[in-house]
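Reading through the structure tokens given below for one structure.
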Amino acid sequence: MICPNCRATLLRKERPDSVCGKCGRPFALDPKVHGRGMHDTRIRRVVDKATDGGRRNVTVTQLWYLARTGNPRRGPGPDTSLSSRAAHSIGTTLLVALVLLGFVVHGRSFAVLLLSVGTAVSALVYGAALSTRNAPVPRAHAHVLPTQASFRSMICKRWVQVYGSLPPGIVDDREGRQPPPYKPRPGTVELLCPDPAVRVFLAANDLPARLDLALAAGLGEFSGDGPVVVLHDAGVRGLQMVADVRAHRPPRVVVDAGLPLRAVVGNEKAVLLHEDPPESLREEQPEWLRRLAREAPDHAEWLLQGWFSPLAAVPPAVLESAVERAVREARAAPAPELREAAAAGFMSWLHSPEPAVEDGS
């Protein structure tokens, strides 16, 4: 690797205990220790782009998504287990071959021994095939590399230990460290966002004061009678939250500013995660899902399979722009037009999510 301090190329033996053997200065991350792509030079590049050279604050969770080196995912696989008929054929063929070999090489007595061994092997093959055949189909899953816990340890502990603080522009979004909410005037826009990392991001960049809006984590935190902007993941929970807000606050303007499905479904560069959707969702689908199934059946099926894309993975500049646009629309547009526009398809997002800042190589 290249020393982030003196730029010397270092072999593994030349950087013991994460200390450069050329300049003698320590560094935080070593890809041989912390994983592929995890080194100071790359993290600094990711930070510089995400924060726009320190002019924007970004949370550790957002940095984790941007600095990811992989997002392995797989859908539920088909049953590729060995059938019982194929196992029976394999076992029988093996048994006959062993007996013939015994007759040719050692005569009758040895053939009897091989017959016993072959019978046992055939039974094992057949039993293994049956047990595999009855095994459940592998479930869909997805995760981000490195894990969030591992990355947080690298940045919040190791990086701080070496450099004395988080990278410039990076703020910790752990519980208890959220900036105090801005208290707007009555009748102003209220922004509902259940993601704590995104709320910290908005508050750390002074959006509540700049846009004169209040941040809320849930329905119970609404206090006024002004328009509501709902900011959410691209997934079942986020879309259901929009429906719940509209049902509980029918007189109010509600703008759906969530991450649009069209930006992530089929997009290999988007971050995808998976969680099993509620069983009730298939048994009795809400109106918004039935409507989506008619208009975009592939999107509805994607949701029913349990996929979602986290809002915090959206590049910070795109996320900030989307919020600003949604608040302007909520404040300026007449209520009927807003409801029609919101129902037509996520009017607040002008750009699809960008890929990770670096590919991890």
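Yes/no matrix, rows are residues, columns are (1) in a loop (DSSP other than H, G, I, E, B); (2) at pLDDT below 90; (3) more than 20 Å from the chain's Cα centre (by Cα):
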{"residue": "E329", "(1), (2), (3)": "no, yes, yes"}
{"residue": "E340", "(1), (2), (3)": "no, yes, yes"}
{"residue": "S348", "(1), (2), (3)": "yes, yes, yes"}
{"residue": "H351", "(1), (2), (3)": "yes, yes, no"}
{"residue": "E354", "(1), (2), (3)": "yes, yes, no"}
Residue in the range 242-249 that is part of a strand (DSSP E or B), surrounded by 17 or more Cβ atoms within 10 Å (Cβ to Cβ) and at pLDDT 90 or above present: no
Residue tally, condition charged (D, E, K, R) and either open to solvent by less than 50 Å² (accessible area, probe 1.4 Å) or at pLDDT below 90 (or both), over the range 230-241: 1
Residue that is modelled with the highest pLDDT [pool: residues in the range 169-225 that are surrounded by fewer than 18 Cβ atoms within 10 Å (Cβ to Cβ), aliphatic (A, V, I, L, M) and more than 26 Å from W64 (Cβ to Cβ)]: A209
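Please list, ordered by residue number, the helices (runs of 4 or more DSSP H) wholly in the range 1-79 having 1 or more residues that are open to solvent by 40 Å² or more (accessible area, probe 1.4 Å) and either of a type in the set (A, V, I, L, M) or touching a residue at least 24 places away in the same chain (Cβ under 8 Å) (or both).
Filter on the range 1-79 gives 31-34, 40-50.
I'd like to check something: does the range 258-275 contain any residue that is at positive phi, open to solvent by 10 Å² or more (accessible area, probe 1.4 Å), of a type outside the set (A, V, I, L, M) and at pLDDT below 95?
Yes.
The values are calculated or read from the model by the stated rules, or taken from the named source; none is laboratory data. All figures in this text were calculated on a predicted structure; none of them were measured in a lab. Using ideal geometry, Cβ is built from the backbone for each residue, glycine included, and neighbour counts are taken over all protein chains shown. Ligands, DNA and RNA are excluded from the accessible area calculation, which covers all protein heavy atoms including side chains. Shrake-Rupley method; radii C 1.70, N 1.55, O 1.52, S 1.80 Å.
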